[in-house]
Amino acid sequence: MDRLKRQLTPYLLVLPGGLWLLLFFAIPMIAMLSLSLQQGDVVNGYRFTFHWQNYTEAIEAYNTQLIRSLIYGAIATIILIILAFPVAYYIAFYGGKRKPTYLFLLLLPFFVSFVLRTISWRQILTDEGPVLGPLKDLGLLSDSYHILGTAPAVIGGLVYNFLPFMVLPIYVALERIDPRVVEAARDLYASPLTSFRKVIFPLALPGVFAGVLMSFVPVSSDYVNSEVLGSSSTTMIGQVIQAQYLVNSDYPTASALSFILMAVLLVGIFAYARALGTEDVMKVAAR
Amino acid sequence: MSQAVLDRSPDTKTHAAKPKRRFTGKSLLFTYTWLVIIWLVVPIFVMIAFSFNDTKGRYNQEWSGFTFKWYGKIFEIEDLTKALWTSLAIAVISSIISGALGTGIGYALGRYRFRGSGTLNIIMFATISSPELIMGASLLSLFVSLALGLGAVTITIAHVMFSISFVATIVRARVVTLDRSIEEAAADLGATGWTTFWKVTFPIILPAVFSGVLLAFALSIDDFVVTNFTAGSTTTFPLWIWGSTRVGLPPQVNVMGTLIFAAGVLIAVVTNIRSRQGKRD
């Protein structure tokens with residue numbers, strides 16, 4: 001009896017939370033898949049008919065926005081790696097006692113609502129605002145110059161909002177490196193650059209990969225930045241999905257688009273993991 | 001003391017080997033890191049500054065002098081105040097529920113081996129790494145299919161859903177490092193499993209539960225994307241801001257944003273100091 005009770009304990013502990021995740025995470029995905037294959041409209045209701053045309057029509061109508069989102073996502077992710085790596089490196093190797101303080105400073109933006117932060121950037125970058133205004137007055141920029149509404153503004157906003165998601169995983173990976181390993185490389189006459197390239201960077205790669213996963217996915221499905229900082233020429237797929245769901249109530253198209261986006265992201269993640277994985281294996285084999 | 005010596009020794013050695021190069025590289029990185037931090041903080045300063053802006057109209061675009069008056073008129077816009085309270089209520093309820101459910105999962109995963117724990121891990125990873133857009137869209141799909149009315153209840157359901165895994169991860173990390181011999185001692189002294197849990201184990205993991213609940217609260221009060229899909233006609237603080245971006249934001253939004261920021265930073269600093277004191281004791 002006692003043994004049975006002990007065996008049951010973990011299941012009882014997991015049950016309420018697990019059920020919640022099943023009901024409101026797993027099942028909604030199935031509901032979305034089902035909805036994406038239905039036909040009908042809000043007034044007359046929907047029927048499940050294996051209507052695959054929802055997918056072909058959605059791709060046909062919105063492939064520009066989908067591809068644009070993936071390109072923005074890729075550009076932002078590359079910029080994020082370049083921006084975040086030195087910061088993570090400095091904190092991990094030279095942070096010393098101040099490491100927690102630095103990490104806290106990096107997380108400060110999260111104490112302000114995501115929407116509010118992005119709107120704040122719009123206030124800063126507006127045509128006659130604190131940045132562009134003085135430059136225009138000095139004649140360094142033409143009066144018609146603007147940043148808002150352009151792709152760089154949207155990508156800049158995305159990079160800003162997701163930087164901590166790249167710094168933290170790289171930092172965690174660098175933190176784990178035993179300083180003696182780096183010293184050993186130096187003792188064996190590796191130049192600082194070589195020891196970085198052959199020792200530090202490979203050891204940091206899992207962190208970079210985690211950072212890519214944690215930033216590319218939310219960045220390419222974001223719709224706040226392109227809505228606030230962009231224009232109709234920077235529309236991303238998230239905005240389309242949002243509008244189809246909440247404005248047009250075209251649920252089948254919207255859920256088909258969501259599924260396409262999810263599938264593309266998953267394929268991207270697995271492809272990258274495979275590429276990275278085999279590369280690691282090759283390096284080990286070469287040694 | 002000995003730890004500090006150990007920490008310092010490799011650094012001084014490399015300094016001795018190549019003092020000049022190391023120094024310039026380090027100070028370059030130092031400057032760079034601080035520039036990035038300043039860049040991260042600039043929009044927050046803009047938000048705070050404009051909460052003190054003596055703007056003449058209802059909207060807050062250009063700097064026109066310093067004032068405290070908006071802090072006195074913080075609750076003057078009725079819809080905005082209502083939205084803020086809605087946000088706070090949802091954050092309190094959803095962080096308590098996800099705290100309880102997440103602690104159950106985290107404790108079970110950290111303590112027991114059981115069938116299905118692998119699947120549970122995958123689902124937790126999926127909820128943490130899935131795009132919010134997809135989670136919001138799929139929840140809306142479910143609610144639409146069930147013809148369920150949207151509102152504060154559906155928002156709370158959604159917030160609990162995406163918070164559970166974060167709480168569970170934090171609690172599990174603490175449970176894994178737990179010293180089992182303390183519990184064994186309690187059992188040797190005749191305590192039942194139930195008593196041991198509440199009198200010994202729970203107090204030890206309580207700080208982890210508490211930081212999990214705080215994180216859930218922060219995630220909930222800040223959430224826009226999932227909320228936007230599950231809100232229907234209910235308005236939360238971020239949704240209200242979103243709704244008025246086109247027309248311009250009143251200074252009250254900056255005041256509330258500043259107060260939420262200050263409260264968040266204060267709580268984070270206090271819990272951090274307390275947990276450090278706890279470690280020293």
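A few notes on this one:
Results for (1) aromatic (Phe, Trp, Tyr); (2) farther than 30 Å from residue A:119 by Cβ, shown as yes or no for each residue.
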{"position": "B:198", "(1), (2)": "yes, yes"}
{"position": "B:206", "(1), (2)": "no, yes"}
{"position": "B:216", "(1), (2)": "no, no"}
{"position": "B:221", "(1), (2)": "no, no"}
{"position": "B:236", "(1), (2)": "no, no"}
{"position": "B:239", "(1), (2)": "no, no"}
{"position": "B:250", "(1), (2)": "no, no"}
{"position": "B:256", "(1), (2)": "no, no"}
{"position": "B:268", "(1), (2)": "no, no"}
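- In the range A:241-257, the residues that are within 18 Å of the chain's Cα centre (by Cα) and surrounded by fewer than 23 Cβ atoms within 10 Å (Cβ to Cβ): A:242
- Residues that are touching a strand residue (DSSP E or B) at 6+ places or on another chain (Cβ under 9 Å) and hydroxyl-bearing (Ser, Thr, Tyr) do occur in the range B:57-72.
- Condition check for residue A:126: touching a residue at least 40 places away in the same chain (Cβ under 8 Å), within 27 Å of residue A:74 (Cα to Cα), of a type in the set (S, T, N, Q) and in contact with a Leu (Cβ under 9 Å, 6 or more places away or on another chain): no
- Residue check, residue A:138 among the hydrophobic types (A, V, I, L, M, F, W, C), more than 26 Å from residue B:254 (Cβ to Cβ) and over 21 Å from the mean Cα position of the chain (by Cα): yes
- Residue in the range A:221-228 that is more than 8 Å from chain B (Cβ to nearest Cβ), on the phi < 0 side of the Ramachandran plot and under 16 Å from the mean Cα position of the chain (by Cα) present: yes
- Residue B:103 in the same structural domain as residue B:157 (by TED's automatic domain parsing) and surrounded by 13 or more Cβ atoms within 10 Å (Cβ to Cβ): yes
- Scanning the range A:120-131 for residues that are modelled with pLDDT of 80 or more and either over 29 Å from the mean Cα position of the chain (by Cα) or over 17 Å from residue B:39 (Cβ atoms) (or both) returns a single hit, A:126.
- All positions within the range B:119-132 that are within 8 Å of another protein chain (Cβ to nearest Cβ) and free of Cβ contacts under 8 Å to residues at least 60 places away in the same chain: B:120, B:123, B:124, B:126, B:127, B:129, B:130, B:131
- Among (1) surrounded by 14 or more Cβ atoms within 10 Å (Cβ to Cβ); (2) hydroxyl-bearing (Ser, Thr, Tyr); (3) away from chain B (no Cβ under 12 Å), the one test that residue A:49 misses: (1)
- Across the range A:1-46, the qualifying residues are those that are buried (at least 19 other Cβ atoms within 10 Å of the Cβ) and touching a residue at least 40 places away in the same chain (Cβ under 8 Å), and the one among them that is farthest from residue B:134 (Cα to Cα) is A:38.
- Out of A:55, A:94, A:89, one residue alone is touching a Lys or Arg at 6+ places or on another chain (Cβ under 8 Å) and either in contact (Cβ under 8 Å) with a residue 40 or more places away in the chain or within 11 Å of chain B (Cβ to nearest Cβ) (or both). It is A:94.
- Subset of the range A:100-113 that is touching a residue at least 40 places away in the same chain (Cβ under 8 Å) and closer than 25 Å to residue A:205 by Cα - its residue that is nearest to the other protein chains (Cβ to nearest Cβ): A:106
- Residue match in the range B:45-54 (condition: touching a residue at least 12 places away in the same chain (Cβ under 8 Å) and touching a strand residue (DSSP E or B) at 6+ places or on another chain (Cβ under 6 Å)): yes
- Selection of the range B:228-240 for residues being buried (at least 22 other Cβ atoms within 10 Å of the Cβ) and either assigned to a helix (DSSP H, G or I) or at pLDDT below 90 (or both) yields B:228, B:229, B:230, B:237, B:238, B:240.
- Flag for residue A:151 being surrounded by 16 or more Cβ atoms within 10 Å (Cβ to Cβ), of a type in the set (A, V, I, L, M) and farther than 27 Å from residue B:244 by Cβ: no
Okay, residues lined up against (1) at the interface with chain A (Cβ under 9 Å from one of its Cβ atoms); (2) assigned to a helix (DSSP H, G or I):
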{"residue": "B:38", "(1), (2)": "no, yes"}
{"residue": "B:56", "(1), (2)": "no, no"}
{"residue": "B:95", "(1), (2)": "no, yes"}
{"residue": "B:113", "(1), (2)": "yes, no"}
{"residue": "B:134", "(1), (2)": "yes, yes"}
{"residue": "B:140", "(1), (2)": "yes, yes"}
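- Verdict on residue A:76 being more than 13 Å from chain B (Cβ to nearest Cβ), crowded, with 16+ Cβ neighbours inside 10 Å, small (Gly, Ala, Ser) and closer than 30 Å to residue A:192 by Cβ: yes
- Within the set B:185, B:268, the sole residue that is surrounded by fewer than 20 Cβ atoms within 10 Å (Cβ to Cβ), of a type in the set (A, V, I, L, M, F, W, C) and at the interface with chain A (Cβ under 8 Å from one of its Cβ atoms) turns out to be B:268.
The values are calculated or read from the model by the stated rules, or taken from the named source; none is laboratory data. All of these numbers come straight from a predicted model, not from anything done at the bench. Using ideal geometry, Cβ is built from the backbone for each residue, glycine included, and neighbour counts are taken over all protein chains shown.
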